């Protein structure tokens, strides 16, 4: 079996690639950064149990380049049996503070990049009457988050994309699935946390992130069981199936916590200014 993974140079994509390699499958990686891709290929080869590994650098947002990369992978490892569309980026910031280019890049990479990857393998799979496409979305697809307008938009759009292609694939032998991972401990997550707004933390909480390896195992198990959707946690499953009932209550709770957080932040700021004034000899009001 030949598995092609976009976004295969790190994070969930690399973890999935290594897990399939450990099962003895043929694995191909596609990612933009050639240097990181070379390192990832070495890791996949080290994990391989008799399969072969190949890598090709391409930007998923450029459909012609990606189509060429997929052809190169299939030349090296045979036709694609499983596509893991995992390439994605996130850059949190308030909508009015996020540069238009950064907004567009998230939409282009996360949504159009996934569509480009699916398009590159779809016709061949349809001709053969078999194949699996796994769309890697995010828990952020299920609810709006402060500072994640671009990311939430791109990841929730993947849900509509996957469902539409699922409908079109009926009777073709192609299985289209989508998964909604929670926070996952990856290099991108570590960068993201340095920019995540506190308002998002109010809603998301401080839940321990999953490991990329644990996410990968759940994705592969879902593919093995022909699952059309994978939600990973009870809370994400509840949002997916009971969202219309849960979100209004969650929104009211969030607004309350947000106002409380603003008051607490203001109180802490006032305390800091008061202490600073006392220690520096600045006149402070008598309370």
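Annotations
- Residue 71 falls short of the stated requirement of being in the same structural domain as residue 185 (by TED's automatic domain parsing) and either assigned to a loop (DSSP other than H, G, I, E, B) or at pLDDT below 95 (or both).
- Residue within the range 225-233 that is out of contact with any helix residue (DSSP H, G or I) (no Cβ under 6 Å at 6 or more places or on another chain), modelled with pLDDT of 95 or more, surrounded by 12 or more Cβ atoms within 10 Å (Cβ to Cβ) and part of a helix (DSSP H, G or I) present: no
- The lone exception for residue 83 - which of (1) under 20 Å from residue 12 (Cα atoms); (2) assigned to a loop (DSSP other than H, G, I, E, B) it fails: (2)
- Set side by side, the residues 61, 28 differ, and just one is in contact (Cβ under 8 Å) with a residue 24 or more places away in the chain, in a strand (DSSP E or B) and within 30 Å of residue 173 (Cβ to Cβ), which is 28.
The values are calculated or read from the model by the stated rules, or taken from the named source; none is laboratory data. On a predicted model such as this, the values are computed, not experimentally measured, just so you know. Please note: Cβ atoms are built from the backbone with ideal geometry, for glycine as well, and neighbour counts cover all protein chains shown.
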